[in-house]
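Engineer: The following block contains the structure, expressed as structure tokens.
The values are calculated or read from the model by the stated rules, or taken from the named source; none is laboratory data. Treat the numbers as computed from the prediction; the structure is a model and nothing was measured. Because the Cβ atoms are built from the backbone with ideal geometry, glycine has one as well, and the counts that use them run over all protein chains shown.
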Amino acid sequence: MPKLVAHYLREFSFRDDGEPSIIYKFVFCLCLPFVSNTFYKARLIALAIAECTNSEEQILRLLAKLSGATITPESTTDYMMTYDSSGDATQTDFAFDSSNDTPLVSFYNSANFVQLNVNLNGFDQTEFDAYLSLLIPFYINYQINYI
């Protein structure tokens, strides 16, 4: 890219005193993001995030690729509660008393909830959280356990 800029701006590249011209510096600065490895990497990351769909598998693979972290999702836990016709709301949750044969009714702690176990493997946690906030849809309730 710098050679291309120099070729097209050959007549405007240098002033009489041998210094690069203002127009050359300006166009070179405009082209700098295309030759910088840092800008190139940032552009690729932004493109990958923009192209990511809302599927759990693709989000987790992209997070693992960007950060090098090991991410293990835990499926939503089925909780069991006892139910009888008395209407007593103070029954013991998460237990089943086999002596009175009360039926179990399963329920989830919340809709669209996921719990992620994350081993960062030396990656920066704030950067990981930033990627996570960009990738996980707003309607997903998630909890992260850093290992």
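Engineer: For the stretch 14-31: of the residues being of a type outside the set (A, V, I, L, M) and assigned to a helix (DSSP H, G or I), which is surrounded by the most Cβ atoms within 10 Å (Cβ to Cβ)?
Structural biologist: Of everything passing the filter in the stretch 14-31, Tyr24 is surrounded by the most Cβ atoms within 10 Å (Cβ to Cβ).
Engineer: Among the residues in the stretch 107-120, are any at pLDDT 90 or above and in contact with a Leu (Cβ under 6 Å, 6 or more places away or on another chain)?
Structural biologist: no
Engineer: Quick one: in the stretch 22-57, of everything that is within 14 Å of the chain's Cα centre (by Cα) and among the β-branched types (Val, Ile, Thr), which residue is farthest from Val114 (Cα to Cα)?
Structural biologist: Residue satisfying both the conditions and the ranking: Ile45.
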